[in-house]
1. Along Cα→Cβ, 7 Å out, is where each label goes; now give me the distance between the ones at residue 327 and residue 396 in nm to one decimal.
2. Residues in the stretch 188-207 near a label at residue 134, defined as backbone nitrogen under 15 Å from the 7 Å Cα→Cβ point?
3. Just how large is the dipole of the stretch 140-241 about the Cα centre, in debye to the nearest 20, putting +1 at every Lys and Arg Cβ and -1 at every Asp and Glu Cβ?
4. Using only the Cα atoms of the stretch 271-472, build the gyration tensor, take square roots of its eigenvalues as a ≥ b ≥ c, and label the shape rounded, prolate or oblate: rounded if a/c is under 1.5, else prolate if a/b is larger than b/c, else oblate.
5. How far is it, in nm, from the label point at residue 77 to the one at residue 366 when both lie 7 Å from their Cα along the line to the Cβ?
6. I'd like the trypsin sites (Lys or Arg not before Pro) in the stretch 60-106 restricted to DSSP loop residues with at most 10 other Cβ atoms within 10 Å, sorted by number.
7. In what sequence do 220, 106, 182 fall when counting other Cβ within 10 Å, fewest first?
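Just so it is clear, none of the values below were taken in a lab; they were calculated from the coordinates. Small disclaimer: the values here were computed from a predicted structure and weren't measured. In this analysis, Cβ positions are derived from the backbone assuming ideal geometry, glycine residues included, and neighbour counts consider all displayed protein chains.
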Amino acid sequence: MVYHKKRKKFTRIFYILFIAILLIVGFKLAWHVGSSTVELMPASSARVAENYKTLPAVPNHQETFRIVIDPGHGGKDPGATGVSGAYEKAFNLSLAGRVAALLEEDPMFEPLLTRTDDQFIELEERGAIANEWNADAFISIHGNTYTDTMVSGTETLYRNQDSIPLAQAVQTHLAQGIGLRDRGVKEEQLKVLGTPRMPAVLVEVGYLTNAEDERFLLSDDGQDLAAQAIVDGLKEYFWGIRELSLEHQETGDLDEESSPDTPQSGIRSIEKKVYFNGSAKDGKQVALTFDDGPDAIVTPQILDILKENEIKATFFLLGDRAKAHPEIARRIVEEGHAIGNHSWSHPNFKELSMDEAMKQVMDTQDELNDIIGYRPSLFRPPYGALDEDMEQAIQNMDLAIVNWSVDTMDWSGVPTQEIMGIIHNQLKPGGIILQHSANGQNHLANTIEALTLLIPDLKNQGYSFVTVPDLLHLPESQT
Ligand SMILES: [Zn+2]
C-alpha cells in the first residue's frame, strides 16, 4: 500500500473523479456477464507504461552500484493488514533485509536500508537518504492491499519516465521469479518516488489481502525468491545480464528434473504447477490463445485472420459452447490450431466443490472427444482461478494447467491501442497472450482489430507464432 500525494484544495475534485472512475468501472463490469473480475485492476490513476529504451547505466561510484532499499511504512504506520492479520510494515522490513543481504554479498553492489527496525520515517526523508548518499537506484518495497480479496499479483510502479527501464527489469524478474500474477509496470505519482534524484521504483510484491499471495509472501521461501528476483532485476538493469532470466524460466517453468532434495524444491514444485509462459531459450516464440469459444460470430472471424496470415493459435473452449457449435470446434482443428479445455460453463472454480469442479473438466473432455476425436492435454481455469487441491487433481488427470503472461483485457472493451500497449509492455519471448473468441463487448471488435495489427507487428519484431503445445513441448492430446 502506498500513499498518494494529495493537496487539500484538490481533494474535492479528486473525489469526484474517483467516483466517476468507480462508476465507469462498475458499468463495464455490469456489461460483462460472468466477467473476469479477478483480472481487473483496482481503480487508480495507474496507466500502462510504454516500452522505453535507455543507454547502459554508468555507476556513480568507481566499482559499485549504490542501491537504497526502502522498506515501506514502519512504526506508528503499519501499512496494510494482511488476511492473517500480519502488518505490511513487518513484511516490507523482512524482505528488504533479504534484498540488502544479497546485495551485500555481491561485489558489484552496495546496499543501504532506509530503516532497519520498526521506526516511522517521513516519505521525503526516504528519498533524501538516497540523494545524500548519491545512490544509483532507489527501491521501495511494499505489499499491496485491495477490498476485493480475489485481486492478486505483482506490480512495479514508477513516477518519472527515467525510471521505466529499472521498473521493467525488476518487474520482469519478480513476475518470473515468484510466479504470482504479472500486473505489469505502471506510472503512479507517488510521493515517496518524488524526492529521489536517481531511478526510483516501488514494488508491490503481491497482495497481502489475497490469501494465496499472503501465504507466499510471508513464507521464508517466498521472500528468498522475491529477494533474489529483485537483485536479478537490478543486475539486468545495471549490467544487462539477460541470461539470468533464461535460467529462471528453465528452472521455474520447464525444468522437469529439478531435484526434490534442493531446499527450494517446495516452491519450485508450486511454480511448476501452472504454466504462464514458455522458455525464452526457444527463441522469439509467442502463443496466441483465445478463450470462451466457440461461437458463431467472433470465432470464425478470428479463424479467417489466422488463416490469411498462416498462423496457428490455441483455443480454450467451453464444453457447452462446443456442444452448441460443434462445426466451429471442428473447423479449429481442421485448420491446424490447438484446443484446450476451459471448463463446461465457465464457473469460478474457487466457488465449486471438488466434485463439481471435476465434473466441469471431465464433461468437457468427453464432449470435445465426441466432437473433435481427441481429449486435449491442456486445461485453463476460468479467470485463472484454482485452489491447490484442484490444481493437483487436474494434474492427476494428465492435464497441463496453462494460464498466460499477457492479459489484453480485450473482453472489457478496452481500445485497440491499449491492447497493443499492453502487448508491447508485457510480451517477452515464450509469452502466452490471452484474448477472447466469444463473450465480450461489441462482439469483440477490438480483439479483431488488434489481431490484424499485432500479427504483422510481432512478425516484424522477429516473433514466430506457435501453439501452446509447441511452446511448452507438450502433446496436443491425451493418449
Ligand atoms: Zn474465460
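1. Between residue 327 and residue 396, the label points sit 4.2 nm apart.
2. Only 197-198 fall inside the zone, counting backbone N under 15 Å.
3. Value, rounded to 20: 400 debye.
4. Working: a/c = 1.56, a/b = 1.32, b/c = 1.19.
Cα axes put the stretch 271-472 in the prolate bin.
5. Calculated label separation equals 5.8 nm.
6. Those that pass, being in a loop and sparsely packed, are 76.
7. Ordered by Cβ neighbours within 10 Å, fewest first: 220, 106, 182.
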